[in-house]
1. Please list, ordered by residue number, the helices (runs of 4 or more DSSP H) wholly in segment 115-213 having 3 or more residues that are among the β-branched types (Val, Ile, Thr).
2. Among Thr192, Thr135, which is β-branched (Val, Ile, Thr) and more than 14 Å from the chain's Cα centre (by Cα)?
3. Check segment 116-126 and report whether any residue there is within 21 Å of Ala182 (Cβ to Cβ) and buried (at least 19 other Cβ atoms within 10 Å of the Cβ).
4. With the structure loaded, tell me whether Glu175 is closer than 29 Å to Leu97 by Cβ, more than 14 Å from the chain's Cα centre (by Cα) and touching a residue at least 60 places away in the same chain (Cβ under 8 Å) or whether it fails that test.
5. (1) of a type in the set (A, V, I, L, M, F, W, C); (2) touching a strand residue (DSSP E or B) at 6+ places or on another chain (Cβ under 9 Å); (3) free of Cβ contacts under 8 Å to residues at least 60 places away in the same chain: which one isn't true of Val134, the others all being true?
6. Please verify whether Leu152 is within 30 Å of Asp110 (Cβ to Cβ), under 16 Å from the mean Cα position of the chain (by Cα), of a type outside the set (Val, Ile, Thr) and surrounded by 14 or more Cβ atoms within 10 Å (Cβ to Cβ), treating the condition exactly as stated.
Amino acid sequence: MTLFLLAAASLTLTALLPLAPALLGANGQRAWRTAAALGLALPLSAGLLYAKLGRPDAINPPPQPVAAAATNPVQQMVQRLADRLQGAPDDPDGWALLARAYEQLGRPQDALPAYVQLERLRPDDAQVLSQHAVTLAMVKGEGLAGEPEALLQRALKLDPNHVPTLALLASAAVERGEPAAAVGYWKRTLATVPADSEMAASLRDSIAKFERR
């Protein structure tokens, strides 16, 4: 299931980020962070964590006050996962799940150490680097410039056709005011995705708009 979450995050980012030109129009950084947050807001159900931790009581906890019931069970399961990983730090699936869980709980700053561990275990995984870059950008609140973009460049060296990385680098180029560079990344992305896909159509539209400017 962890692999499914990672794939879903990649597909969601892939679908959202070609819309960056429109999002970056009037209020660039704020709109970009909104898109990134949407891309990362993947459902984290108690059932998924149960599959990792094997705790039936986590699915059906004792009755709690209404205000606490909505958050405590998931938070407690995430904490148990974090505690378990301290004793078993060489579990890449566990670190990946923990990072996604923190992001779902609105705690991206807590996801960053999980990504550090995940990179240690999967140093050649472009997907891990691209997701780390998005989370770091959200925490810094300054767009993709700097360390997030450096992570993306590392990911691109590992996989020159990695669609989320190409899309994110295009967004970084837009942030820097370099439309020609953005178009270059979009064209590389376009050569990778199915020609009849919605993403391809969105990319062609973005390219045409930027080339007219």
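1. In segment 115-213, the matching helices (runs of 4 or more DSSP H) lie at 126-140, 163-175.
2. Working: Thr135 fails: more than 14 Å from the chain's Cα centre (by Cα).
Answer to the selection: Thr192.
3. The answer is yes, given that some residue of segment 116-126 is within 21 Å of Ala182 (Cβ to Cβ) and buried (at least 19 other Cβ atoms within 10 Å of the Cβ).
4. no
5. For Val134, the failing item is (3).
6. yes
The numbers here are math on the coordinates, done by the rules we state, and not lab data. These figures come from a predicted structure and were not determined experimentally. In this analysis, Cβ positions are derived from the backbone assuming ideal geometry, glycine residues included, and neighbour counts consider all displayed protein chains.
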